[in-house]
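First the structure, in the form of structure tokens, and then the observations on it.
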Amino acid sequence: MRKSIAQRFWFLLHHRHQNHHPSSFSSSSPLIHSRFLSSTPALSSMDSSFPVTANNINPKVLKCEYAVRGEIVTLAQKLQEDLQANPGSHPFEEILYCNIGNPQSLGQQPITFFREVLALCDHPAILDRSETQGLFSTDSIERAWTIVDQIPGRATGAYSHSQGIKGLRDAIAAGIEARDGFPADPNDIFLTDGASPAVHMMMQLLIRSENDGILCPIPQYPLYSASIALHGGTLVPYYLDEATGWGLEISELKKQLEDAKSKGINVRALVVINPGNPTGQVLSEENQREIVKFCKLEGLVLLADEVYQENVYVPEKEFHSFKKISRSVGYGENDIALVSFQSVSKGYYGECGKRGGYMEVTGFSSEVREQIYKVASVNLCSNISGQILASLVMSPPKVGDESYELYMAEKEAILSSLTRRAKTLEEAFNKLEGVTCNKTEGAMYLFPRIRLPEKAIKAAEALNKAPDAFYCGRLLNATGVVVVPGSGFGQVPGTWHFRCTILPQEDKIPAIASRLTEFHEKFMDEFRD
């Protein structure tokens with residue numbers, strides 16, 4: 001009898017890991033090296049006929065892991081191919097991807113004004129045509145004229161300045177100033193292909209060897225652990241407090257900093273993700289003030305991941321940038337080194353494939369800034385469409401503009417729907433046996449804790465899998481729902497979680513909740529102690 005594609009995948013995966021090389025993380029590490037999640041190939045002599053093998057590539061690449069696109073997603077893609085080739089071959093009709101923050105892939109529509117301006121900038125020849133007036137809004141045409149006039153040769157296919165087009169940086173700086181109430185300098189802004197290259201750039205700048213450490217939240221977005229590993233540094237974990245809604249305690253930062261120092265680690269920077277990924281919390285102003293003062297006192301660079309700044313869902317919380325907080329407590333350029341990251345991939349815009357973003361770099365000497373510029377220059381420049389989108393995100397239509405009412409309607413529809421989706425899934429998770437889920441105050445994810453029976457944990461260990469990875473794999477095979485095991489983000493040892501996005505369209509959310517509920521009940525009954 002022919003095995004299903006899932007059975008073949010798990011068979012090969014299990015046998016591949018029989019001879020897997022030793023894990024680079026201990027079992028007590030916050031980043032549990034789940035073989036289920038690992039993309040690291042088995043180190044064998046099978047590929048010895050090739051000049052480049054798994055045994056002689058950069059070991060930092062082998063150490064690097066990125067859970068949100070790990071093996072569970074590979075299995076999901078294989079299942080999707082199987083469904084297309086053999087409809088009815090699985091107990092579900094479609095794969096529901098809840099693993100990654102990729103809104104438009106799940107049906108979210110782009111903002112009309114942003115796309116109109118992009119289209120006009122990419123084909124400026126139509127700006128002068130009479131029919132354009134009937135197809136595009138007046139303000140999108142005006143904005144496109146403004147932007148193309150700032151681009152040498154009006155050519156979006158040409159390289160720009162390595163920091164990005166000056167006029168676009170001017171618009172972004174004005175947007176930052178309007179948001180924060182404090183001045184922003186366009187020369188502090190480096191436009192990048194999404195926020196990720198900016199993070200890599202800063203890790204490349206700060207990490208000299210494995211003796212240099214970066215304080216990162218646990219749970220964390222795997223970009224940070226991956227980039228620290230690739231650049232040869234040490235991740236210094238600080239644990240968010242799940243019992244207080246994933247609170248960030250200064251006492252925990254102090255404890256982990258001192259522990260790292262005692263081991264000879266020179267901690268260079270503190271990463272803060274606000275709103276949180278994967279945990280969804282929004283920091284209070286008071287907490288942010290404490291963090292800023294801690295960084296100044298300890299001489300740490302503050303790396304502020306603020307890509308979800310538009311994604312706040314609870315009325316009692318509000319986003320405040322760390323730039324605003326640091327200036328409001330009286331810290332200027334000479335008091336604190338701060339790098340703030342923003343992206344066009346998140347928020348209500350969800351333009352992931354356009355790869356736009358920026359970092360605002362403040363509190364560095366002119367000599368260091370020259371080095372940052374040099375590194376940016378190696379990549380020539382970020383893509384022009386992403387640069388344009390970054391300027392639009394920070395300078396959207398205003399009251400009185402023709403596009404304003406449609407823009408606001410589209411924005412509010414997306415954010416209000418995300419709020420409802422988060423609430424529906426949170427309530428569903430909290431009804432499950434042994435599952436607790438904190439409120440999603442912001443970002444795009446829930447990170448529920450699952451208390452698994454001992455029999456399930458032993459079954460996972462028998463397959464060399466982390467227990468939450470075992471659970472997520474079974475969930476996928478039974479329901480077609482793709483979530484990411486918490487072991488890929490880091491967690492308190494002995495606890496298990498998974499990350500689930502709130503991005504599937506609203507009419508799909510009840511199906512996700514019901515499929516997961518039915519699966520969970522059967523899973524708990526199967527492995528009940």
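The values are calculated or read from the model by the stated rules, or taken from the named source; none is laboratory data. A quick note: this is a predicted structure, and the numbers were derived from the prediction, not measured. Here the Cβ is made from the backbone with ideal geometry for all residues, glycine too, and neighbour counts use every protein chain on show. For accessibility, only protein heavy atoms count, side chains too; no ligands or nucleic acids. Shrake-Rupley method; radii C 1.70, N 1.55, O 1.52, S 1.80 Å.
Contour minus end-to-end for Ala511 and Arg115, with contour as 0.36 nm per residue of separation and end-to-end as the Cα-Cα distance? List each step's numbers first, then the result.
Details: separation 396, 0.36 × 396 = 142.56 nm, distance 3.14 nm.
Stretched fully, the Ala511-Arg115 segment lengthens by 139.4 nm.
With labels modelled as points extended 7 Å from the Cα through the Cβ direction, what inter-label distance (nm, one decimal) is found for Ala409 paired with Asp149? About 3.0 nm, to one decimal. Within the shell defined by Cβ-Cβ distances under 15 Å, the residues around Ile189 carry a net charge of -4, with Lys and Arg each +1 and Asp and Glu each -1. Tell me the angle of helix 285-298 to the major Cα principal axis of the chain, expressed in degrees between 0 and 90 and rounded to the nearest ten. Taking Cα atoms only, the helix is inclined about 90 degrees. If both residues of a DSSP beta bridge must be in the chain, then about 50% of such bridges are antiparallel. At full extension, Asp241 and Ser284 could sit 14.0 nm farther apart than now, given 0.36 nm per residue minus the alpha carbon distance. Taking one quarter of the surface of the convex hull spanned by the alpha-carbon atoms of the range 379-475 gives a direction-averaged projected area of 10.8 nm². Annotation for the range 439-483: trypsin sites (Lys or Arg not before Pro) lying in DSSP loop with at most 14 further Cβ atoms inside 10 Å of their Cβ are Arg451.
Working from Cα pairs under 8 Å separated by at least six residues, relative contact order for the range 139-196 is 29 percent.
The local environment of Asp139, defined by Cβ-Cβ distances under 10 Å, has a net charge of -2 under the rule Lys, Arg +1 and Asp, Glu -1.
For the chain, the dipole from Cβ point charges (+1 on Lys and Arg, -1 on Asp and Glu) about the Cα centre works out to 1560 debye, to the nearest 20. Between Val314 and Lys398, the simple label model (points 7 Å from Cα in the Cβ direction) yields a spacing of 3.4 nm.
First check a/c for the range 39-196, with a ≥ b ≥ c the square roots of the eigenvalues of its C-alpha gyration tensor; if it is under 1.5, answer rounded, and if not, answer prolate when a/b is larger than b/c or oblate otherwise. Prolate, since a/c reaches 1.5 and a/b exceeds b/c. Annotation note: trypsin sites (Lys or Arg not before Pro) in the range 249-301 located in DSSP loop regions with a Cβ neighbour count of at most 15 within 10 Å are Lys263. Available extension along the chain between Ser365 and Ala85 is 94.9 nm, counting 0.36 nm per residue and deducting the alpha carbon span. The calculated FRET efficiency for the pair Ile250 and Thr424, based on their C-beta separation and a Förster distance of 41 Å, comes to about 0.75. Estimated at the nearest 10 Å², the accessible area of Glu521 is 110 Å² with a 1.4 Å probe. Take the convex hull of the alpha carbons in the chain; its mean projected area over all directions comes to 27.1 nm².
On the basis of the beta-carbon distance and an R0 of 56 Å, Arg179 and Lys522 show a calculated FRET efficiency of 0.70. A DSSP coil position with no more than 16 other Cβ atoms inside 10 Å describes the following GluC sites (Glu not before Pro) in the range 179-252: Glu210, Glu249.
With only Lys, Arg, Asp and Glu charged, each at its Cβ (+1 for the first two, -1 for the last two), find how big the charge dipole of the range 161-255 is about the Cα centre; round to the nearest 20 debye.
Using only the charged Cβ atoms, the result is roughly 200 debye.
Label sites at Leu297 and Ser416, each approximated as a point 7 angstrom past Cα along Cα to Cβ, lie 4.4 nm apart.
Once the 1.4 Å probe is applied to the protein heavy atoms, the range 344-476 comes out at 39 Å² accessible per residue. Once C-alpha pairs closer than 8 Å and six or more residues apart are averaged by separation and normalised to the residue number of the chain, the relative contact order reads 21 percent. Based on DSSP H segments of at least four residues, each scored -39500 (n - 2.57), the chain has a per-residue ellipticity at 222 nm of -13000 deg cm²/dmol.
Please give the net charge around Gly486, taking every other residue with its beta carbon less than 9 angstrom from that of Gly486, where Lys and Arg add +1 and Asp and Glu add -1. So the surrounding residues net to +1.
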